[in-house]
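See structure below.
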Amino acid sequence: MYIRFWFILAVVLSGLVFTFWSISKTTPNERLARVIRWCTPIVAIAAISVIGAMCFTTASAASHGALLKQTLSMDASQFNEAMEHSPEQSPITPEEAVTLADRPKVIYFYKFGCTDCADAYPDAIDYLINNDLEAELLFIPVEGETSKSRQIALASGITEVPQFLCVYPDGTTWIVNPLTDNNEINYHNLDLILSTVKSKATS
């Protein structure tokens, strides 16, 4: 679980050092009273800080398509890696994402913590954006075995991630793999997305 433990630990230790320094020359009864008086708020602050950090981390990961069990099972380096290579999901339902619109859509289906997705993101997305993708770009995470997003992906013909689903106003769809067989960025496929989207947008 990714939490800034070092900062919290430093605060707690500083408080404890100050507490024991302040009671070093008091009687036993006075020491106990001071320990309780000083340590209680320190412990409370530390507990609130930990809980707050956990809530923030969980919410942040969830916005990138992570399930709670995934977040809890990762160490700091794994969590950082997964966050770096998982976009923030679009504020739209999976059903709305695949619905036909007035302009083309390019939907990126991915999974939090997926190693193949780490090979594709953000380079494939940056390439499309930097080359003036004339489509609405959406990010839909496939969260779990029974999730609605997974059902929508399967219904669209997507059986693995990462994959792009292009949805065109004329009712046609197209699935595009952003990676080559060697898990490198497939720029040929990305160029086909750009050219096809442009032709569909102007037709």
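The values are calculated or read from the model by the stated rules, or taken from the named source; none is laboratory data. Fair warning: this is a prediction, and the values are worked out from it, not measured in the lab. All Cβ positions, glycine included, derive from the backbone under ideal geometry; neighbour counts span all protein chains shown. Side chains included, ligands, DNA and RNA excluded: accessible areas come from the protein's heavy atoms. Shrake-Rupley method; radii C 1.70, N 1.55, O 1.52, S 1.80 Å.
Please go through region 96-123 and pick out each residue that is of a type outside the set (S, T, N, Q), exposed (fewer than 14 other Cβ atoms within 10 Å of the Cβ) and closer than 21 Å to Asn186 by Cα.
Pro122, the sole residue that qualifies.
Could you list all residues from region 129-160 that are surrounded by 17 or more Cβ atoms within 10 Å (Cβ to Cβ) and under 17 Å from Leu179 (Cβ atoms)?
Phe139, Val142, Ala153, Ile158
Cβ contacts < 6 Å: first residue open to solvent by less than 30 Å² (accessible area, probe 1.4 Å), restricted to region 65-83; second residue at pLDDT 85 or above and of a type in the set (A, V, I, L, M), any location; separation 6+ or different chain. Result?
Listed pairs, sorted by first residue: Thr71/Ala61.
Among the listed residues Asp170, Asp126, which satisfies the condition of being outside any loop (DSSP other than H, G, I, E, B) and either closer than 22 Å to Glu96 by Cβ or open to solvent by 10 Å² or more (accessible area, probe 1.4 Å) (or both)?
Just one listed residue meets the conditions, Asp126.
Can we say Thr93 is of a type outside the set (Phe, Trp, Tyr), open to solvent by 30 Å² or more (accessible area, probe 1.4 Å) and under 24 Å from Leu68 (Cβ atoms)?
yes
For Cys117, work out the one condition from (1) under 18 Å from Ala62 (Cβ atoms); (2) in a helix (DSSP H, G or I); (3) free of Cβ contacts under 8 Å to residues at least 12 places away in the same chain it doesn't fulfil.
Checking Cys117 against (1) under 18 Å from Ala62 (Cβ atoms); (2) in a helix (DSSP H, G or I); (3) free of Cβ contacts under 8 Å to residues at least 12 places away in the same chain, the one that fails is (3).
Yes or no, residue by residue, for (1) under 15 Å from the mean Cα position of the chain (by Cα); (2) under 15 Å from Ser149 (Cα atoms); (3) modelled with pLDDT of 90 or more; (4) among the acidic types (Asp, Glu):
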residue: Ala53; (1), (2), (3), (4): no, no, no, no
residue: Thr57; (1), (2), (3), (4): yes, no, no, no
residue: Ser63; (1), (2), (3), (4): yes, yes, yes, no
residue: Leu68; (1), (2), (3), (4): yes, no, no, no
residue: Thr71; (1), (2), (3), (4): yes, no, no, no
residue: Met83; (1), (2), (3), (4): yes, no, yes, no
residue: Ser90; (1), (2), (3), (4): yes, yes, yes, no
residue: Asp102; (1), (2), (3), (4): no, no, no, yes
residue: Val106; (1), (2), (3), (4): no, no, yes, no
